[in-house]
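Notes follow once the structure below has been shown.
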Amino acid sequence: MEAKAEEYALFGIRGDGKTIGILGAILAHAEKHRRAGFGLPVPWMAVRDSFANHKVTTIKSLQKPLWKGKWQLYDSNHLAAFKQGAGKDDLVVLMLAGCDNFDSLNKLRQEAVGVWVQEAAPVEESGGVSDTAYGICNSSKGRVATYHSPTLLDLNYPDEDHWTWMRFEKEPQPGTMSFRIPPRENKHVPASYWEKMEQALASRPDLKRRLLDGMPGSIVRGPQVAVGFNENLHVSPVRLRPIKGEPLCFGQDGGHTPATTIGQAWRGSIRVYASIPMERGGMRQQYEFNVLPWLRANAPWAIENSPKKNPMIHGVYDPSLPDDESDSDRNPLDVIMELVGGTWEPGPSKWAARKGPLLTSMNLHVSAGTPALQLDPVGCVQLKQALSTRWHYPQNSLGESSGDEPKKPNHPWEDLGDAYIMFLCAAMPDLKARPYAAPVIKTAFDPLEPMREPRQTRIRSEFDPLR
């Protein structure tokens, strides 16, 4: 292993041989360590979220026939040694550790030449290796003489704001390198394996994206509120820019985490350019620090008019906004009218009335195969996360839905979701009174026309407000 970095991350999908590849790299490192004149065996530490998961993956990988029995297990499977043969020193000693409690975290402080961290990002909400545990692991290196003390990570694609993705991909830190294994590159895996994975994950696009398609995604935290949202379909592959001269539609939620969604309805498409929350702020702070700077940078023509007579902004707000006490000095709606103006009206207050527009928007199409809803890939990162999984229904200890309305408190995800619904009511006003119906696919699309057509056959589901 060449010493080109201190930390290496290997991202891949299920079944692409990450574990075997890392074990091979550890042995290659040990060979170079030995040739450089350093002593054997080379101590490595293998870390997972729990030791129990080592039994499920690591130990089985050490026992595969390709190693010809050279990996031997000791100390109740907490220690593995790579045997070179009779009368020879072991090449590698691998200490298997978990990090799911205080005692196990302390055990990560043992001396090691290198550290191997497995599946740092969880598949579901629980599990994974924290950045704190990762830091402790790294502090264990450097006390044993060697030519290079690397940290290796192998994992499925994480949530896009997980610390691993931020550290190695989104904002690479000094001394880090990352690699992405092309999906389905492993020729030793039969095609039937991928076919079974496709079938197993058909109802879970969030997991399919991370475990099969080879892209970062979102972790499910409960039953999805925005049923039908699919990141692969509803997030534009290119930046979306406001169409000059066309009114902007605003959706506004209030409270102590005000959220604003901005977009346009254009030729049958629902274009969302930005969805901006503010943690622990008032409406004045939201508009002065977030909304107005966005408008000046992306749609200056929308605020050229006097706020009192601004035809370029049409908004719908949460009806509780005029009574909102998060702005102690004045009515939040008055603040909005002062700063950007436009025409504003209240949206639906009951969840049953909000749910219809939300779910219908996920199934509207401009034409066959072309969804109407498109989110800007940069300005709507948090809205995408909310609609994917983070805006969810409450669930009990068995993972079952335990309520008919979205989980609260759940900031800023519930706020982003509500602001999106208010935006829909501004962009497509007739949706305010429309319950969830079967998908409407048309070749010539008028956003108001579906309301004038005969009622489609409804799809009954656990999310049907009329059931």
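The values are calculated or read from the model by the stated rules, or taken from the named source; none is laboratory data. Because the structure is a prediction, the values reported are computed rather than measured. Cβ: placed from backbone, ideal geometry, glycine included. Neighbour counts: every protein chain shown. Surface areas here come from the heavy atoms of the whole protein model, side chains and all, with no ligands, DNA or RNA. Shrake-Rupley method; radii C 1.70, N 1.55, O 1.52, S 1.80 Å.
Once you charge only the Cβ atoms, +1 for Lys and Arg and -1 for Asp and Glu, what is the size of the charge dipole of the chain about its Cα centre, to the nearest 20 debye? Present the calculation step by step, with values, prior to reporting the outcome.
Details: 55 positive and 55 negative charges, 351 e Å.
Dipole magnitude for the chain comes out near 1680 debye.
Can you give me the long-range amide H partners of ILE313? Hydrogens built in the peptide plane at 1.01 Å from N, cutoff under 5 Å, separation of 5 or more residues or another chain.
LEU248, THR343
Using a basic spin-label model with each label point 7 Å from the Cα along Cα→Cβ, how many nm lie between ASN298 and MET215?
According to this spin-label approximation, the distance is 2.0 nm.
As I understand it, the value is the acute angle between the Cα axis of helix 413-427 and the longest principal axis of the Cα atoms of the chain; what does it come to in degrees, rounded to 10?
It works out to around 40 degrees.
For SER140, SER192, write out the residues from largest to smallest accessible area, computed with a 1.4 angstrom probe and no ligands counted.
Descending order: SER192, SER140.
Using only Cα atoms, find the angle between the long axis of helix 351-361 and the longest principal axis of the chain, and express it within 0 to 90 degrees, rounded to the nearest 10.
Tilt of helix 351-361: around 70 degrees.
Please tell me which of these pairs span more than 30 angstrom C-alpha to C-alpha: LYS32/LYS170; LYS55/LYS83; LYS107/LYS384; LYS18/LYS408?
LYS32/LYS170; LYS107/LYS384; LYS18/LYS408
Under the rule of at least 5 residues apart or a separate chain, name every residue whose amide H is placed under 5 Å from the amide H of GLN395.
It is SER402, by chain and number.
For the range 216-232, just list the computed ³J(HN,Hα) in residue order, Karplus coefficients 6.51, -1.76 and 1.60, θ = phi - 60°, integers in Hz, with x standing in for Gly and Pro.
x, x, 10, 9, 6, 10, x, x, 5, 6, 7, 4, x, 5, 9, 4, 5
Which order do ARG34, ARG209 take by accessible area at a 1.4 Å probe, largest first?
From most exposed to least exposed: ARG34, ARG209.
Using modelled backbone amide H atoms (1.01 Å from N, in-plane), which distant-in-sequence or interchain residues come within less than 5 Å of HIS365's amide H?
ALA372, VAL440, LYS442
Give me the angle, in degrees from 0 to 90, between the Cα long axis of helix 191-200 and the longest principal axis of the Cα atoms of the chain, rounded to the nearest 10.
Between helix and principal axis, roughly 40 degrees.
In terms of the Cα gyration tensor, with a ≥ b ≥ c the square roots of its eigenvalues, is the range 88-142 rounded because a/c is under 1.5, prolate because a/b exceeds b/c, or oblate?
Prolate, since a/c reaches 1.5 and a/b exceeds b/c.
For the range 54-65, what does the Karplus curve 6.51 cos²θ - 1.76 cosθ + 1.60, with θ = phi - 60°, yield as ³J(HN,Hα) per residue in whole Hz, taken in order and with x for Gly and Pro?
Karplus-based 3J(HN,Hα) across the range 54-65 equals 4, 5, 6, 10, 4, 4, 5, 5, 5, 9, 5, x Hz.
Full extension from ASP404 to TYR147: what is 0.36 nm times the residue separation minus their Cα-Cα distance, to one decimal in nm?
Here the segment from ASP404 to TYR147 would lengthen by 86.6 nm.
For the chain, what does the alpha-carbon gyration tensor say about shape, rounded, prolate or oblate, given a ≥ b ≥ c as the root eigenvalues, a/c under 1.5 as rounded, and a/b over b/c as prolate?
Verdict is prolate for the chain.
Tell me, what HN-Hα J-couplings in whole Hz come from the Karplus equation 6.51 cos²θ - 1.76 cosθ + 1.60 at θ = phi - 60° for each residue of the range 108-120, using x for Gly and Pro?
Rounded to whole hertz, the list is 6, 8, 5, 5, 7, 7, x, 10, 10, 10, 9, 6, 5.
Please work out whether the range 113-179 counts as rounded, prolate or oblate from its C-alpha gyration tensor, where a ≥ b ≥ c are the square roots of the eigenvalues and a/c under 1.5 means rounded, while otherwise a/b larger than b/c means prolate and anything else oblate?
Note, shape of the range 113-179 comes out prolate.
Points 7 angstrom from Cα along the Cβ direction at ARG267 and LYS55: gap in nanometres?
6.1 nm
Give me the percent of Cα-Cα pairs in the range 74-228 that sit more than 25 Å apart, rounded to a whole number.
Counting every Cα pair in the range 74-228, those more than 25 Å apart make up 45 percent.
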